[in-house]
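Chemist: Pasting in a structure now, in structure tokens, and then I'll have a few things to ask.
The values are calculated or read from the model by the stated rules, or taken from the named source; none is laboratory data. In this text the structure is predicted, and so the values were computed from the model without any measurement. Cβ coordinates were reconstructed from backbone atoms using ideal geometry, including for glycine residues, and neighbour counts include every protein chain displayed.
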């Protein structure tokens, strides 16, 4: 990919991410999919070292239902049985949703729109910094 094409792609991705941010809804799974798909599309096309999706996963450990089942099974395997107190603490006060985040202690938390805003802002900042370096 030429430098000119990469600059154009970065600018387009910034616009797409801003649109995702401006159109956040109360459907967290949709918000997550829109944000992640935009980042993955960029990563796949650009093939550069920004790794927008990976950096988002490093910032926030998003957890979907499939990963949640794995984490619960992992808890069982650590003890050989389900420790209900540990599971209650792990789940905490999360409500039934299809996407969560893991906090610093490895417990589930509800995803908020601020989490998406933060991740999108971080990705936009990385893209803008890369444009300045060009």
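Chemist: Within region 41-54, count every residue that is in a helix (DSSP H, G or I) and loosely packed, with under 14 Cβ neighbours inside 10 Å.
Modeler: 2
Chemist: Name the single residue, out of those in region 15-25 being outside any helix (DSSP H, G or I) and under 16 Å from the mean Cα position of the chain (by Cα), that is surrounded by the fewest Cβ atoms within 10 Å (Cβ to Cβ).
Modeler: My answer is 25.
Chemist: A further question on this structure: In the set 58, 29, 73, 12, which member is at negative phi, modelled with pLDDT of 95 or more, surrounded by fewer than 16 Cβ atoms within 10 Å (Cβ to Cβ) and out of contact with any helix residue (DSSP H, G or I) (no Cβ under 6 Å at 6 or more places or on another chain)?
Modeler: It is 12.
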